[in-house]
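The structure under discussion appears below in the form of structure tokens.
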Amino acid sequence: MTSRAGRREVAVVAFAQTEHVRAADNLSEVEMLMPVLREVLDSTGLAAGQIDFTCSGSCDYLAGRAFSFTMALDGVGAWPPISESHVEMDGAWALHEAWVKILTGEAETALVYSYGESSAGDLPEVLTRQLDPYYLGPLWPDSVSLAALQARALLDAGETDERELAGIAARSRKAAEDNPHAQLSGSPGVDTLLESDYLARPLRPHDVPPVTDGAAAVVLAAGDTARRLTRRPAWISGMDHRIEAHSPGVRDLTDSPSTRLAAERAGLFDAGSPPPEVAELHAPFTAQEVVLRKALRLDRSTAVNPSGGPLAANPVMAAGLVRIGEAAARVSRGEARRAVAHATSGPCLQQNLVAVLESDGAGAEGERP
Amino acid sequence: MNAAPSHKVLSAPLVVEFPFTRSLGPVQSAFLTGLRERTVLGVKASDGRTLVPPTEYDPVTAEELRDLVEVGRTGTVTTWSWNDRPRRGQPLRHPFAWVLVRLDGADTALLHALDAPEGPQAVNTGMRVRIRWAEHRSGAITDIACFEPDDSVPSTHRAQPHPGEFADPVTGIVAEARLDYTYTPGRAQTRYLDALTTRRTLGERCPRCHKVYVPPRGACPTCGVPTGEQVEVGPRGTVTTFCVVNIKAKGLDIEVPYVYAHIALDGAGLALHGRIAGIPYDQVRMGLRVEPVWTEGGRYPDHYRPTGEPDADYETYKELL
């Protein structure tokens, strides 16, 4: 375990997620979330009242419900009053806040959750409201079109081709066949995918993530508490997030310097560290995986999105937290000694978070369930 | 009692509109006023680049930027995508290309639409385009109607210093926005709304603390567990607390003063609110026993009126205040 000198050890000790679907339309947000909260707490044996800090991530714009996170708190059991916080971002950033809280010594355990019911609105249109309201918002550029501009820039630069993009889609959705939580699984071959019409040239339907309703939750714990709660904690050896200029016309859309810097600060490139065996990347559009692999310096020795990734289920606001949970679960199951998780926010990979998860060898071979 | 499970999923259209009024900084004001006057301004960044559209602060160093320059009205496409099905609010109603355009003299690109009637085959990165101005301009990014193909050669246009001063500058914008949703209330609230159609009020009991929630939201906020058991409460209840309303609400045809109260329906673990009528406003009191009054076709009680029973003892509702 390579936690940096003097820093508290913090680990992911539990992870749960919904079976992601196109529309959970008979469930309110709290009804969708509650089984996930129960599952993640039950797997640690902790009651909500024994959690020192709770942090959630969600966005009212998705379902058009003001202060929906206060309703979601009903599912936690927030009385007597608990220490609680919320970010209007993906749950990966809520996890970052909880991690910092534990690092300061203010908490020993934390519950992190996030959810999104994107099915209530027209997601590509809703996401235009996250854009600069002076120069971009009045044009209503939908999220698929903006991602298509980024894909075109990558194609023009020779960084990828349409065949590679179809390969990313096929690989992701085939991998999702082993993931019971995935919304889409299985895929025709690359040649068949390339016969389909464009959705937003140069993107075809397979290049685009599904619209998903879903939720996820993680429990974090420090040092010996983590060792007590689970046999094989997934230690967070480093985590960092960085942001770039908002305007897509100012940035080089074929690169992600913010991802690279966050990875460096998270210790991914530390001298002597082995490459991660697993990478869970929050790349909702196929071409974005190309950008992230380059920024994270991933080669063929790393399995990318063995869960299927966001191309198989993209619950907005939870999809980044799911990446951390999936990477941690691989470490906890003994399938990886070192894994990297990535989350993104904003148009065309504007803001990026990188977490490195590691096993300390405890509960190793022979003890696998 | 347990109601039969509701198989019908309730849903209703929900429209959210939010016309934000936003003020402009000096650079944004000059840029948008310039568009109104068919002049495109950029700003010099700390590293010498010319940013178009211009920002108030340097995207790298965060320094305040103020040196404005004028750039060309023609430029080069740096990337594009094809939009077959334009959405509400987008610049053109027929299929068009989204483009990032680096205007002549600028070092960064501006997002807009490209009108390409010949289709995506006629669009490519590196193609030359020019601004098509909107007929009516007000000082907004939409003063550029769109771009259109241009046969000019890439020019060596140099950005020229510009004072950024115009008569009657634009100092703010109204950012109109409308989003359409389909609202679905979930299982617990669907059962509650279904019961109301037969003038019954359905709460849900927490299996742990046994409190009955009305209206139910599917979870006990104290215990954090699902509330699966449906319990019919009321119809009578007790006023736990109240206020006298003296201001007429917009669009509400109720004479003031009137009383708005918290009412604990018999069997409920918390109070809901409703209007009290059928009694002079200054005679309403804590502990008053009331019952709902429905109007023909009403989806919820119009108001509550006294039942004539003796007032409830404070001890019976003090936990429900």
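Among the residues in the range B:240-254, are any more than 14 Å from chain A (Cβ to nearest Cβ), touching a Lys or Arg at 6+ places or on another chain (Cβ under 6 Å) and in contact (Cβ under 8 Å) with a residue 12 or more places away in the chain? The answer is no, given that none of the residues of the range B:240-254 is more than 14 Å from chain A (Cβ to nearest Cβ), touching a Lys or Arg at 6+ places or on another chain (Cβ under 6 Å) and in contact (Cβ under 8 Å) with a residue 12 or more places away in the chain.
Only one of the listed residues (B:ALA97, B:ALA30) is without any contact (Cβ under 8 Å) to a residue 40 or more places away in the chain and either in contact with a Leu (Cβ under 8 Å, 6 or more places away or on another chain) or surrounded by 24 or more Cβ atoms within 10 Å (Cβ to Cβ) (or both). That residue is B:ALA97. Considering only residues in the range B:9-29 that are among the small types (Gly, Ala, Ser) and either in contact with a His (Cβ under 8 Å, 6 or more places away or on another chain) or not in a helix (DSSP H, G or I) (or both), the one that is farthest from B:PRO163 (Cα to Cα) turns out to be B:SER11.
Where strands (runs of 3 or more DSSP E) sit wholly within the range B:127-178, those with at least 2 residues that are aliphatic (A, V, I, L, M) and modelled with pLDDT under 95 occupy B:172-175.
No other residue among B:ARG66, B:ARG36 is more than 9 Å from chain A (Cβ to nearest Cβ) and within 30 Å of B:VAL153 (Cβ to Cβ) apart from B:ARG36. Here B:GLN90 does not qualify as within 11 Å of another protein chain (Cβ to nearest Cβ) and part of a helix (DSSP H, G or I). The helices (runs of 4 or more DSSP H) located wholly in the range A:100-195 that include 1 or more residues which are of a type in the set (Val, Ile, Thr), more than 8 Å from every other protein chain (Cβ to nearest Cβ) and over 30 Å from A:VAL13 (Cα atoms) occupy A:143-156, A:162-175, A:190-193. Condition test on B:ASP67, is it touching a residue at least 60 places away in the same chain (Cβ under 8 Å) and among the acidic types (Asp, Glu)? Yes.
Hey, does the range A:330-344 have a residue that's in a strand (DSSP E or B), in contact (Cβ under 8 Å) with a residue 12 or more places away in the chain, in contact with a helix residue (DSSP H, G or I) (Cβ under 7 Å, 6 or more places away or on another chain) and surrounded by fewer than 24 Cβ atoms within 10 Å (Cβ to Cβ)? No, the range A:330-344 contains no residue that is in a strand (DSSP E or B), in contact (Cβ under 8 Å) with a residue 12 or more places away in the chain, in contact with a helix residue (DSSP H, G or I) (Cβ under 7 Å, 6 or more places away or on another chain) and surrounded by fewer than 24 Cβ atoms within 10 Å (Cβ to Cβ). Listed conditions (1) surrounded by fewer than 23 Cβ atoms within 10 Å (Cβ to Cβ); (2) more than 14 Å from chain B (Cβ to nearest Cβ); (3) closer than 30 Å to B:VAL101 by Cβ; (4) hydroxyl-bearing (Ser, Thr, Tyr) are all met by A:THR254, apart from (2). For A:LEU149, the test of being in contact (Cβ under 8 Å) with a residue 12 or more places away in the chain, buried (at least 19 other Cβ atoms within 10 Å of the Cβ) and either aromatic (Phe, Trp, Tyr) or within 20 Å of A:LEU62 (Cα to Cα) (or both) is failed. Against the criterion of being in contact with a strand residue (DSSP E or B) (Cβ under 9 Å, 6 or more places away or on another chain), more than 14 Å from chain B (Cβ to nearest Cβ) and either within 27 Å of B:PRO207 (Cα to Cα) or part of a strand (DSSP E or B) (or both), A:ALA16 qualifies. The listed residues are B:GLU232, B:GLU204, and the only one of them that is within 14 Å of chain A (Cβ to nearest Cβ), in contact (Cβ under 8 Å) with a residue 12 or more places away in the chain and touching a Gly at 6+ places or on another chain (Cβ under 9 Å) turns out to be B:GLU204.
The values are calculated or read from the model by the stated rules, or taken from the named source; none is laboratory data. Predicted model only: the values in this text are computed from it and were never measured. Don't worry about glycine lacking a Cβ; one is built from the backbone with ideal geometry, like all the others, and counts go over all protein chains shown.
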